[in-house]
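I have placed the structure first, in the form of structure tokens, so that the comments after it can refer back to it.
The values are calculated or read from the model by the stated rules, or taken from the named source; none is laboratory data. The structure presented is a predicted model; accordingly, all values stated were derived computationally and were not measured. Quick reminder, even Gly has a Cβ in these numbers, built from the backbone with ideal geometry, and neighbours come from all protein chains shown.
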Amino acid sequence: MRYLLWVGIICLIVLEGCTRSEIIDAGSAVRIVVDVSKSKVQNLSDEAEITEIIPLETVEKSLLRNIDKLYVTDQYILVVDLRKSEIYLFDRDGRFRNKIGIKGRGPKEYIAFDDVQYDERNGLIYTHERMRHRMQSYGTNGKLINEKEYHQWLDSFLKTDDGYWIYTCYNEDVSTRYALQLIDSAFKKVIGQYLPQKCFFTTTFLPRFFQDGQGGDYFAYPYSNIIYRLENGIPEPYLTVDFGEKTLPYEEIKQLKEQSEYEKLVLDKGYLGDLKNMFFCNGKFYFSFSELASGETTLYRAVYDMNTSEVEIYDRYAPFCPSGLQRYAFKKLPLTELLSTDGKSLIYSVYPYNLSEENLRVLTEKVSPEINQEANPLLFFVRQK
């Protein structure tokens, strides 16, 4: 028992030694003013065109249930299905290559991935398993390269040249009650701790890191609507979303200690927040948000022009019906929630079982005769006119 106690103390000293904890001034962040009373229907038919359609090959080893994360490069398409806890690698034309990792309980196997990151620069796929406190790295051939254990409770992460940025939103980890931490690459030393919090609430368990494809790394803090740029080991305020009177009372939330207090304060009061699905593409910042309610709520999509500072808010989607001479003569195609971007085009997924017979016929004639209602999702690349 004494041996275990000393081991715990030594681990704590190693992790907390020489830690940088700073108060961040958010005044320098660019302010995005959002007024949902001006929301409208998004009609991509008038403002965009489909430039490419990629069907993800459907074989026994590549059957997808959901696409939770998508990485598209010049060489690969990496699909993360967290519902099945599996990662699939396709080539750029959608042909299935292999899965990443081996699921199981044996050595060098995993039970369930909770977050995944693909680093195109070094060709590595980083994963983490929350319950087993393990971080893994794999090659694109699917084989395990490295595995390490860690002691924090974390929800999502981002591996950068500075180390591992982690979002620690669990109250069990009472010794390190910070939302954002930077850990060295060996997971042995805490380099920085930021955004202190008294209590974390279950409504904020979402991946909070994203990248812009140009070397920029970002973190969206769920208790302030601030997007931080992670640069040189420091989180710098970059953008902040202002909902006016509908902005969540974040300063009050930070003082709460119970989930019941949180729900009483914010639910069904018309507050807006819960930023997610964030992407940069062609000088625009795309993100989603919603009203915090106990029942069904509206999901909004916002598009912020980084050059003109104009904001467009959408609360519904019109079916895609291309006008004029376009390659694909679809009728009422369901292009709804933005899934990803390759830096040039917006990428939407469409499940064949949601398509009409007429649209399926267009796809089998123009894209692949193997497409049917039981096939894997198709990726639609859409570019603004």
Next item on the list: For residues that are assigned to a strand (DSSP E or B) and in contact (Cβ under 8 Å) with a residue 24 or more places away in the chain, scanning just the range 292-311, find the one that is surrounded by the most Cβ atoms within 10 Å (Cβ to Cβ).
Entry: Tyr304
Next item on the list: Tell me which residues, restricted to the range 235-253, are within 19 Å of Gly283 (Cα to Cα) and surrounded by fewer than 21 Cβ atoms within 10 Å (Cβ to Cβ).
Entry: Pro237, Tyr238, Thr240
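For the range 234-250, check the following and say yes or no: at least one residue is of a type in the set (Ser, Thr, Tyr) and assigned to a helix (DSSP H, G or I).
yes
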Notebook entry, point to check: For the range 221-234, how many residues meet the condition of being surrounded by fewer than 23 Cβ atoms within 10 Å (Cβ to Cβ) and either over 16 Å from Ile32 (Cβ atoms) or among the small types (Gly, Ala, Ser) (or both)?
Noted result: 6
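This table checks each residue for (1) within 24 Å of Lys385 (Cβ to Cβ); (2) surrounded by fewer than 13 Cβ atoms within 10 Å (Cβ to Cβ); (3) not acidic (Asp, Glu).
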position	(1), (2), (3)
Ser39	yes, no, yes
Pro55	no, no, yes
Leu63	no, no, yes
Glu86	no, no, no
Arg95	no, no, yes
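Conditions (1) among the small types (Gly, Ala, Ser); (2) closer than 18 Å to Gly106 by Cβ; (3) in contact (Cβ under 8 Å) with a residue 40 or more places away in the chain, marked per residue:
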position: Ile125; (1), (2), (3): no, no, yes
position: Arg130; (1), (2), (3): no, no, no
position: His133; (1), (2), (3): no, yes, no
position: Glu147; (1), (2), (3): no, yes, no
position: Phe157; (1), (2), (3): no, no, yes
position: Trp165; (1), (2), (3): no, no, yes
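Specify which of the listed residues (Val311, Val367) is at pLDDT 95 or above and in contact with a strand residue (DSSP E or B) (Cβ under 9 Å, 6 or more places away or on another chain). Break it down stepwise before answering.
Details: Val367 fails: at pLDDT 95 or above.
After applying the criteria, what remains is Val311.
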Note to self: Can you report the number of residues in the range 327-343 which are surrounded by 12 or more Cβ atoms within 10 Å (Cβ to Cβ), at pLDDT below 90 and either farther than 16 Å from Lys40 by Cβ or of a type in the set (A, V, I, L, M) (or both)?
What the structure shows: 11
Item checked: Residue check for Leu78: aliphatic (A, V, I, L, M), modelled with pLDDT of 95 or more and farther than 27 Å from Tyr348 by Cβ -> no
Item checked: Scope the range 141-150; condition surrounded by fewer than 17 Cβ atoms within 10 Å (Cβ to Cβ) and part of a loop (DSSP other than H, G, I, E, B); matching residues -> Asn141, Gly142, Lys143
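Within the range 344-358, does at least one residue satisfy the condition of being within 26 Å of Asp68 (Cβ to Cβ), touching a helix residue (DSSP H, G or I) at 6+ places or on another chain (Cβ under 6 Å) and either surrounded by 16 or more Cβ atoms within 10 Å (Cβ to Cβ) or among the β-branched types (Val, Ile, Thr) (or both)?
no
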Margin query: Taking the conditions exactly as written (surrounded by 14 or more Cβ atoms within 10 Å (Cβ to Cβ), assigned to a helix (DSSP H, G or I) and β-branched (Val, Ile, Thr)), does Val362 satisfy them or not?
Written below: yes
